[in-house]
Amino acid sequence: MTLLITNARLVDPESSEVTVGAVLIRNGVIAEVFDTPTPEISIDNVPSENRRDAGGKYLSPGIVDIGVKICEPGERHKESYGSAGQAAAAGGVTTMVTRPDTNPAIDTPETLEFVRRRANEAAPVHVLPMAALTKGRDGREMTEIGFLMDAGAVAFTDCDRVVRDTKVLSRAMTYARALGALVVGHPQEPNLSAGAATTSGKFASLRGLPSVTPMAERMGLDRDIALVEMTGVRYHADQITTTRALPALERAKRNGFDVTAGVSMHHLTLNEYDVADYRTFFKVKPPLRSEDDRQAVVEAVKSGLIDVIGSFHTPQDEESKRLPFEEAASGAVGLETMLPVLMRLYHSGDLDLPTLFRALSLNPAKRLGLDCGRLTKGAPADLVLFDPDKPIVLDRFKLLSKSKNTPFDGARLQGKVLETFVSGTSVYRST
């Protein structure tokens, strides 16, 4: 299989450049990157039907999305590997790194094998599963990390169920360190954050909603970093969303600890006031923060302090969301909406495209030891062709996910995925 994509603006997160050029794909990998939009290649090498004119649009590495929730097993009516895979392809996500917070949790090699088989059968994009750090995600007994790694687990996390017992967590981290496993933590002090629906402040008080102080994130991160220092484990904080937590993250990196951090698309583009009059589609976990916090984490992504941006795709059905704000389920879908939503930061001048794709593609791939996320010769041909200026009005009922719980319903956005390639094969093309 050979494909030549010409006349493209190439977004290279490694060199931090956007250049006009072309890409030649052979057998699922990038065979050559040209610095001219229409390289001279004979028709014998690339037939005309295998040539694609990008029309001056942008070509970048495909998105590697860490922290995607797929509701198999247990809640297939909310999302399946088939529907999530289609949504991912339509959103330029070429690799989904899935969470183990299913029912039952993915905490045994047998469950993990089921998930991998279902994903390979149903999803048109790559699917890499994470496994639970403790059995049942209950925080009492660690899982068989070695066996789960052998079965294909790329990282270990209990997701938003913070391990309260520090001794259990330290033992799990020590074991993970011995095996070279990546532990993904959710930085929150669990007692302070229990039952919270918003961030503490004037807005939460006026709405009469249970809230959590931003210090809960700082305290949770401080504990995890102390355990990283003690055990030497590879650690990734799934979401850093507050100004308070950033100095601790900066110190950990400066001290040479093997620590990286992520943030969600929602915390980069929304703030606590978007909840307005109890709009439950804006209820996410952690809750939306102040505008000062939002600006601080955007700057942290720009500087490289925060390494990864994720959708934190969390499907919830209508029955889970059409409830009083305190009782409504947390989470929003994001696989298909992430790229156009993040283009807000590009058009506002906050982040340029190479910086965005460094956090969307290159850094998550590097953290997981993957070869993708690059626009270089020899890299997997997992690519997305997109138009950052295309205006759209987002209609949640047109999303390919089974669940439609997006806070951006009706939003006027700029940015559209035109085509997505996985291993050189087109898995989505905009009509």
Count - residues of segment 91-111 that are open to solvent by 10 Å² or more (accessible area, probe 1.4 Å) and touching a strand residue (DSSP E or B) at 6+ places or on another chain (Cβ under 8 Å)
2
How many of the residues in segment 377-430 are in a loop (DSSP other than H, G, I, E, B), closer than 13 Å to residue 341 by Cβ and touching a Gly at 6+ places or on another chain (Cβ under 8 Å)?
2
Name the helices (runs of 4 or more DSSP H) wholly inside segment 43-153 in which the number of residues that are free of Cβ contacts under 8 Å to residues at least 24 places away in the same chain is 3 or more.
109-122
Out of (1) open to solvent by 80 Å² or more (accessible area, probe 1.4 Å); (2) under 14 Å from residue 384 (Cα atoms), the odd one out for residue 27 is which?
(2)
Answer residue from segment 208-231, given it is open to solvent by 40 Å² or more (accessible area, probe 1.4 Å) and part of a loop (DSSP other than H, G, I, E, B) and is nearest to residue 170 (Cα to Cα) among those:
213
Among the residues of segment 163-172, are any in contact with a Lys or Arg (Cβ under 9 Å, 6 or more places away or on another chain) and over 25 Å from residue 69 (Cβ atoms)?
yes
If we scan segment 87-98, do we find a residue that is more than 30 Å from residue 185 (Cβ to Cβ) and not polar (S, T, N, Q)?
yes
Run down 288, 360, 351 and say which single residue is outside any helix (DSSP H, G or I) and over 25 Å from residue 190 (Cβ atoms).
351
Just give me the residues in segment 39-71 being open to solvent by less than 10 Å² (accessible area, probe 1.4 Å) and either acidic (Asp, Glu) or in contact with a helix residue (DSSP H, G or I) (Cβ under 6 Å, 6 or more places away or on another chain) (or both), in sequence order.
60, 61, 63, 64, 65, 70
Can you find, within segment 118-154, the residue that is surrounded by the fewest Cβ atoms within 10 Å (Cβ to Cβ) among those that are in contact with a helix residue (DSSP H, G or I) (Cβ under 9 Å, 6 or more places away or on another chain) and at positive phi?
152
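The values are calculated or read from the model by the stated rules, or taken from the named source; none is laboratory data. Keep in mind that this is a model prediction, so the values were computed, not measured. In this analysis, Cβ positions are derived from the backbone assuming ideal geometry, glycine residues included, and neighbour counts consider all displayed protein chains. Areas reflect the complete protein model, heavy atoms only, side chains present, ligands, DNA and RNA absent. Shrake-Rupley method; radii C 1.70, N 1.55, O 1.52, S 1.80 Å.
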